[in-house]
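Chemist: Before I ask anything, here is the structure I am working with.
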Amino acid sequence: MNARNILIAPLILLAACGLGLGQQPDSRPAVPPAPAPASSAETTLSEDQIHDLIRRAAERDLENDKQQANYTYVEREEEKKLDGNAQVKSTESRTHEVMELYGEQVERLVAKDDKPLSDKEAAKEDERIQKLMDKRKNESDDERRKRLGKEEKEREQGREFVKEINDAYNFHLAGTESLEGREAYVIDAEPRPGYEPHSKEAKFLPKFRFRVWIDKADEEWVKLDATCIDTVAIGWFIARVHAGSRILVEQTRVNDEVWLPKSVALKLDARVLFKGVDIEEEVGYRDYKKFRAATKIVPAGDPGEPH
């Protein structure tokens, strides 16, 4: 799971629909937003100022997305499957080292349920990554142009999506709050009545409300708490995400130059292909290290060469 871009974070929730098994009824009530924090200072922002702030933070996040490719890091994902009474029936985790190979980030599995891979499993992972390296190394100029063109198109779609966020929501400054010793604006977003999405990526926006914390000094988003407030249908029969599903995303400042994912917590209540899905998912990101251009396969436990 990737935590990049606050304004498409609800897509993470939708993408997780294929995970886990369980069942909850469609009528489950929506989770209300967190209580308004006590303001640490008298602060006022007009709605236009908030819109501008949201836009700037989103644009900076797209740049963070590009800078994240300059880092190796460790990602640990834990999934809990729940029964009909919301009790945990199974837990499993997977830990990956994330590295850059020829301009593309790849994940190498290094542990399952917090236990290192066997020699056979580790060798299989290294073989898989070596094949990816060989593919990129032998990439033709035309293939590279197509790949980079596709990446630029995706970034442009992200920029267009950001514009829709401002159209889709009414914003309200709930106050300010200190997070890790840094002052942040706390902003609530409610779907704007009558909003008509302009792109298919934005069609789910009226189904979510969210609260966002934006660092005052850097104008970077620090935290997002998004809640599904109405059933979201994906395809005719593929999946339905129920009201009450929720995602909490946090970021952290790295090397005094970039804000990168710190954690993602997901509570998903859905139906996928007629099966109930009720899971809790937690993803943690750690050990960010900037790498040199000459990245190579290294022994498990050393995800890259830091500066």
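The values are calculated or read from the model by the stated rules, or taken from the named source; none is laboratory data. Note that the structure is predicted; figures quoted are calculated from it, not measured. Here Cβ is always computed from backbone atoms with ideal geometry, including for glycine, and neighbour counts include all displayed protein chains.
Chemist: Give the residue that is nearest to Phe291 (Cα to Cα), with candidates limited to residues of the stretch 83-126 that are over 24 Å from the mean Cα position of the chain (by Cα) and assigned to a strand (DSSP E or B).
Modeler: Across the stretch 83-126, the extreme among qualifying residues is Pro116.
Chemist: Residues to consider are Pro197, Pro206, Pro193; find the one that is in contact with a Pro (Cβ under 7 Å, 6 or more places away or on another chain) and without any contact (Cβ under 8 Å) to a residue 40 or more places away in the chain. Steps first, answer last, please.
Modeler: On the way: Pro197 fails: in contact with a Pro (Cβ under 7 Å, 6 or more places away or on another chain); Pro193 fails: in contact with a Pro (Cβ under 7 Å, 6 or more places away or on another chain).
So the residue among Pro197, Pro206, Pro193 that is in contact with a Pro (Cβ under 7 Å, 6 or more places away or on another chain) and without any contact (Cβ under 8 Å) to a residue 40 or more places away in the chain is Pro206.
Chemist: With respect to Arg136, determine if the residue is surrounded by 13 or more Cβ atoms within 10 Å (Cβ to Cβ) and in contact with a Gly (Cβ under 8 Å, 6 or more places away or on another chain).
Modeler: It is true that Arg136 is surrounded by 13 or more Cβ atoms within 10 Å (Cβ to Cβ) and in contact with a Gly (Cβ under 8 Å, 6 or more places away or on another chain).
Chemist: Which residue out of Arg128, Arg108, Arg94 is of a type outside the set (A, V, I, L, M, F, W, C) and touching a His at 6+ places or on another chain (Cβ under 8 Å)?
Modeler: Arg108
Chemist: Separate question: Consider only pairs whose beta carbons are under 6 Å apart and that are at least six residues apart or on different chains; among these, list those whose first residue lies in the stretch 117-132 and is more than 21 Å from Gln105 (Cα to Cα) and whose second residue is not in a helix (DSSP H, G or I).
Modeler: No pair meets every condition.
Chemist: Next up: If you check Phe210 against the conditions, is it at pLDDT below 95 and under 14 Å from Ile54 (Cβ atoms)?
Modeler: Here the answer is yes, as Phe210 does meet what is asked.
Chemist: Among the residues of the stretch 154-201, write down those that are of a type in the set (D, E, K, R), farther than 19 Å from Glu220 by Cα and either at pLDDT 90 or above or surrounded by 14 or more Cβ atoms within 10 Å (Cβ to Cβ) (or both).
Modeler: Asp167, Glu190, Arg192, Glu201
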